[in-house]
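This report concerns only the one structure given below.
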Ligand code: UD1
């Protein structure tokens, strides 16, 4: 397994091109299954997860080509509505095929995802909503067997869920009748999925709000081109990295509106941000006060940047708390950060952080995609050489992270094994 070796202490200077958003491209790739056709998708990040999704689309019968960040997907010959455990267990987002397969074939067999590194991640909202759409669902040997054309209905989620909103949106595009989703997720990736589904032929009202009304697609085939939005989590990770190390970087190809809560938090600790169209510059001297933060659904501070924010707060002046409201157990990075000298205690879903003068290098291991990014930020600020193992987690969600960091002055290298 590959490792990253980081010699901390360098300030970061230069420009970084932000890639397309992982969490936007994955559901959109599955949405190409809904209507047989040829789809060209641009700005696709080169990630383990996009490659896993390509494999899954091929198993279902799609013809997929991927080069130069462009995907060509032909879904005309698809005939196997089955997502096997081998793929679903390596990437939970595979579960996104459930809605599209039901939409197209009125049947599907999708392995039930298990837990993950940050605790149980149920799919009960997806299943309850599909049952309310009169889909027959049963569990057989770990697979969800779903049958029947979804019927339009009024679906209410008791809690906002990105995945359940996406799956039900896609099932609804070929439902019999109109579907209304209330308390829908409002994340930019859901907005982008809605735009793709509109191009596919669905009529969707309320895009970007918590009530979505979906009228089904009438056409039988389609073909078009679509651009993936910039990855706000990758952008946020680089913003937080330079806040912690000090320096000045410009991020190119970002959507500022997707990053407002991160910018607000950085401004509160006196880190300068300058916005210029699709670019944002961040300047920091690496000295700042601690402030409290809690994760919330969009437009709040994203849970996918919680570990990275924690890494920034390790050496802040004073004490602070981080409250994790989305995934109460998403704290596996704390024990690794503690190995680097962090002073953090955890009570339920609240982490209490006391600022330390120095972060030390230590061998640490990645536990999930974003926890890994937190370890990288801590290592970039530490004294000495840090070895980060199990970096396949990073490769799932960050396109060429060590190349991008090297280009702005970080001392980081990959050891292949
Ligand atoms: C997506 C993102 C992930 C991000 C998360 C929250 C993708 C591929 N992944 O994950 O990076 O961290 O949104 O922004 O886009 N819940 C249930 N039952 C369900 C579904 C969800 O109880 O059936 C709960 C979850 O346990 C969690 C909350 O709802 O507490 C939000 O989860 P959800 O938005 O569904 O996350 P994902 O879509 O899995």
The lone condition residue 361 fails out of (1) crowded, with 18+ Cβ neighbours inside 10 Å; (2) within 14 Å of the ligand (Cβ to nearest atom); (3) at pLDDT below 95 is (2)
The condition of being part of a helix (DSSP H, G or I) and exposed (fewer than 15 other Cβ atoms within 10 Å of the Cβ) holds, among 86, 49, only for 86
Looking for something within 12 Å of the ligand (Cβ to nearest atom), over 24 Å from residue 392 (Cβ atoms) and touching a strand residue (DSSP E or B) at 6+ places or on another chain (Cβ under 9 Å) - is there at least one such residue anywhere in the range 156-163?
yes
Suppose the filter is surrounded by 16 or more Cβ atoms within 10 Å (Cβ to Cβ), in the same structural domain as residue 149 (by TED's automatic domain parsing), within 15 Å of the ligand (Cβ to nearest atom) and under 25 Å from residue 304 (Cβ atoms); does residue 32 pass it? no
### Message
I'd like to check something: does the range 30-41 contain any residue that is in a helix (DSSP H, G or I) and on the phi < 0 side of the Ramachandran plot?
### Response
yes
Note on the range 325-348: residues within 16 Å of the ligand (Cβ to nearest atom), farther than 27 Å from residue 6 by Cβ and out of contact with any strand residue (DSSP E or B) (no Cβ under 6 Å at 6 or more places or on another chain) are 328, 348
Review point. Does the range 215-233 contain any residue that is touching a strand residue (DSSP E or B) at 6+ places or on another chain (Cβ under 8 Å), in a helix (DSSP H, G or I), under 30 Å from residue 8 (Cβ atoms) and modelled with pLDDT of 95 or more?
Key: no
Checked the range 373-416 for anything out of contact with any strand residue (DSSP E or B) (no Cβ under 7 Å at 6 or more places or on another chain) and over 20 Å from residue 13 (Cα atoms); matches are 392, 393, 394, 395, 396, 397, 416
From the option list 183, 176, 267, single residue qualifying as touching a strand residue (DSSP E or B) at 6+ places or on another chain (Cβ under 7 Å), away from the ligand (no atom under 13 Å from the Cβ) and not assigned by TED's automatic domain parsing to the domain that holds residue 307 is 176
Residue hits (the range 278-329; closer than 22 Å to residue 16 by Cβ and modelled with pLDDT under 95) are none
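The values are calculated or read from the model by the stated rules, or taken from the named source; none is laboratory data. Values in this document were obtained by computation on a predicted structure and should not be read as measured data. Heads up, the Cβs are rebuilt from the backbone with ideal geometry, glycines too, and the neighbour counts pull from every protein chain shown.
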